[in-house]
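Structure first, commentary second.
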Amino acid sequence: MTERAAPFYCPYCGDEDLRPSEEGHGAWECASCNRAFRLSFLGLLAKGLRRDPIDEGARRYDDTA
């Protein structure tokens, strides 16, 4: 089994000084902003990344901004 990918940046301050936390799997600590956070995979979306072309066309013509 391979190791999971590690985060490259802190989601709070953007710094790269991250270390695995002792809190368990997926937990990380940022030495720069002194925050701890946990990353987890929730699952795949049932619909995936497919977009309905009808919705795309409606958005394109309804935009007034």
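Using the average count of surrounding beta-carbon atoms within 10 Å as a protection proxy, the listed peptides 14-20, 26-32 rank, highest first, as 26-32, 14-20. Calculated accessible area for region 1-41 comes out at 89 Å² per residue, all protein chains present (probe 1.4 Å; ligands, DNA, RNA ignored). Summing +1 for each Lys or Arg and -1 for each Asp or Glu among the other residues whose beta-carbon sits under 12 angstrom from that of residue 32 gives -2.
The orientation-averaged shadow of the Cα convex hull for region 1-41, equal to a quarter of the hull surface, comes to 3.0 nm².
The values are calculated or read from the model by the stated rules, or taken from the named source; none is laboratory data. Bear in mind the structure is a predicted one, so any value in this text is a computation, not a measurement. Cβ atoms come from the backbone with ideal geometry, glycine included; neighbour counts cover every protein chain shown. Ligands, DNA and RNA are stripped out before the accessible areas are found, and what is left, the full protein with its side chains, is counted by its heavy atoms. Shrake-Rupley method; radii C 1.70, N 1.55, O 1.52, S 1.80 Å.
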